[in-house]
1. When the range 195-222 is examined, which residues are found to be closer than 23 Å to THR36 by Cβ and free of Cβ contacts under 8 Å to residues at least 24 places away in the same chain?
2. What residue, of GLU145, GLU174, GLU136, is touching a residue at least 40 places away in the same chain (Cβ under 8 Å) and out of contact with any strand residue (DSSP E or B) (no Cβ under 8 Å at 6 or more places or on another chain)?
3. Could you check how many residues of the range 117-137 are modelled with pLDDT under 95 and within 23 Å of LYS92 (Cα to Cα)?
4. Condition first: under 19 Å from ARG135 (Cβ atoms) and β-branched (Val, Ile, Thr). Now tell me which residues in the range 165-193 satisfy that.
5. Any chance the range 101-122 includes a residue that's without any contact (Cβ under 8 Å) to a residue 40 or more places away in the chain and in a helix (DSSP H, G or I)?
6. Please indicate, with yes or no, whether at least one residue in the range 153-166 is at pLDDT below 90 and of a type in the set (Gly, Ala, Ser).
7. Can you work out which of the residues in the range 33-73 that are touching a Phe, Trp or Tyr at 6+ places or on another chain (Cβ under 9 Å) and among the small types (Gly, Ala, Ser) is surrounded by the fewest Cβ atoms within 10 Å (Cβ to Cβ)?
Amino acid sequence: MTYKEEFIEFLIECNALKFGEFELKSGRLAPYFINTGMFDTGLKIKKLGTYYAKAIQEHFPDNFDGIYGPAYKGIPLCIGAAQALSDMGMDKGYVFNRKEAKTYADKSLVVGMPLTSETRLVLVDDVITSGKAIRESLEILKSCENPEVSGIIISVNRQEKGKTDKNALKEVEEKLGIPIHSIVTITEIKKFLHNKKINGRIIMDDRMLTKIDTYLKKYGAL
């Protein structure tokens, strides 16, 4: 089993990937929903960090110095991924931003590894919609010696349209000029889960697959 397939099973086991009917922030009614808040124990966040680390290894083999996580959700992600990478023989730094700058002692906007203009970072986040949070992070980093962000890793690419007919991630990628990769895509999830039993039950039957395909026919963008 590949790490991508393991990750999909992990999403199901943690109840982080749900199927039904969910109203998204965009107003769309989606037949699936990803809730990364379900990684709420030490073991779960440790395993999650491993999947991020494997995706980082795949897309950025060794051309980076550390991992950046935007507060708040990105904090456990960057730390978990850095710990997992160290177990794989790649000891990298980690850094995350403060939501509010301190007014005493260390007044830095970030916590973690020291940054210079030569530092190369991989940014990790749960999902990306408009890219607003990422742009805010890049502004923070500019004021912290302006390190280079070599790429971005997120959990799931929903492969949906953004404000145009383009894939939402592609829109953000083009605006930022930074490559964005996901651990898995909704296409990979569909292919792996269709009529597959996990813990004795079929997660995605023909009916649910049809609902997802109908939704993606309207809103999908590879």
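The values are calculated or read from the model by the stated rules, or taken from the named source; none is laboratory data. On a predicted model such as this, the values are computed, not experimentally measured, just so you know. All Cβ positions, glycine included, derive from the backbone under ideal geometry; neighbour counts span all protein chains shown.
1. LYS196, ARG201, listed by residue number.
2. Values: GLU145 fails: touching a residue at least 40 places away in the same chain (Cβ under 8 Å); GLU174 fails: touching a residue at least 40 places away in the same chain (Cβ under 8 Å).
Among GLU145, GLU174, GLU136, only GLU136 is touching a residue at least 40 places away in the same chain (Cβ under 8 Å) and out of contact with any strand residue (DSSP E or B) (no Cβ under 8 Å at 6 or more places or on another chain).
3. Total satisfying the criteria: 5.
4. Scanning the range 165-193 gives VAL172, ILE178, ILE180.
5. Within the range 101-122, not a single residue is without any contact (Cβ under 8 Å) to a residue 40 or more places away in the chain and in a helix (DSSP H, G or I).
6. There is at least one residue in the range 153-166 that is at pLDDT below 90 and of a type in the set (Gly, Ala, Ser).
7. Residue satisfying both the conditions and the ranking: ALA71.
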